[in-house]
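Below is one structure; the comments refer to it alone.
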Amino acid sequence: MGIIKESWQGKKPLATVFWGYYVGFHFLYLVVLGGLVSALPENIQLFVIIPGALFLFPYTVWVFVSIWRCAKNSRPVWKVLAIAWVVLAIIGFAGNVTFKYIENYQYYSERAKADASSQNKSNKANLNYQGWLQEELNEKYMASITKDDCVIKTSISIDECKSQQCIKTLGGIFGDCITFAKGSESEFCQNFESKYLQNYCADSDTENSKCLFFQVSVGVLCGAK
């Protein structure tokens, strides 16, 4: 405790504090800590790293203050160099912390954007792989999706229809969706045959029912356009 107190009060020789307590101790401490960590299993290394870092921070504060206060015990040139070293070390530490903060902020910002993009893709995938749900049969929801989505959801729902009444009801839902959904209705009508109809007019019975459904529905929707 005498060494700690005398150094803190600036009573120790600068060379002892700087080369012994600062340079020498830090070197030995990091070598021992690094060797200990590397010898331990990876799953328990943090139990050594965290306490080691928590000890090193207050120790470094103590030794910097001690260097500053003991600088007066040396020749003027060493006093100036010691104080300059402490100032530069503190500036370097602050700069490193700031850099790490900015780096982490950018990392987590990019990660948040990537997660949002992934969520949007997931939502899109969920949209594309399910038919119409009862809670989606309203203008607000239909206005939030595109006309492409209307076609995809309706195509899936056709497979679930088991009666003509269902098909008729689905025709009304499809018409409403095309009316409210995002995108130009006239452009949708102009491009429908080349963009969609060729995909649904195949040889199988299921595809033929879709082909007939979309031919009739679009004929009604776009007949006047």
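For the chain, which cysteines have no second Cys with its Cβ under 4.7 Å from theirs?
Here Cys70 come out as lacking a disulfide-compatible partner, given the Cβ-Cβ threshold of under 4.7 Å.
Can you classify the range 134-222 as rounded, prolate or oblate using the Cα gyration tensor, where a ≥ b ≥ c are the square roots of its eigenvalues, rounded means a/c under 1.5, and otherwise it's prolate if a/b beats b/c and oblate if not?
oblate
Only one of the listed values, [x] 1.08; [y] 1.03; [z] 1.48, was derived from the coordinates as Rg/Rh (Cα atoms, Kirkwood Rh); which label is it?
Working out Rg/Rh (Cα atoms, Kirkwood Rh) from the coordinates points to [z].
Given the rule -39500 (n - 2.57) for each run of at least 4 DSSP H residues, summed and divided by the residues of the chain, what is its mean residue ellipticity at 222 nm, to the nearest 500 deg cm²/dmol?
Helix contribution divided over all residues of the chain: -24000 deg cm²/dmol.
Could you please rank Ser7, Ser209, placing first whichever residue has the fewest other Cβ atoms within 10 Å of its Cβ?
Ser209, Ser7
Which cross-chain or sequence-distant (5 or more) residues have an amide H under 5 Å from the amide H of Lys182, H modelled 1.01 Å from N in plane?
Ile145, Thr146, Lys147
Run the quick spin-label model on Phe47 and Asp148: label points 7 Å from Cα toward the beta carbon, then report their separation in nm to one decimal.
Each label point is offset 7 Å from its Cα along the Cβ direction, giving 5.3 nm.
As I understand it, the value is the acute angle between the Cα axis of helix 147-160 and the longest principal axis of the Cα atoms of the chain; what does it come to in degrees, rounded to 10?
Tilt relative to the chain: about 70 degrees.
For the pair Tyr59 and Lys79, what calculated FRET efficiency results from E = 1/(1 + (r/R0)^6), where r is the Cβ-Cβ distance and R0 = 22 Å, to the nearest 0.05?
According to the calculation, E is roughly 0.45.
Read-outs: derived from the displayed coordinates by stated rules, not from any lab. Because the structure is a prediction, the values reported are computed rather than measured. Don't worry about glycine lacking a Cβ; one is built from the backbone with ideal geometry, like all the others, and counts go over all protein chains shown.
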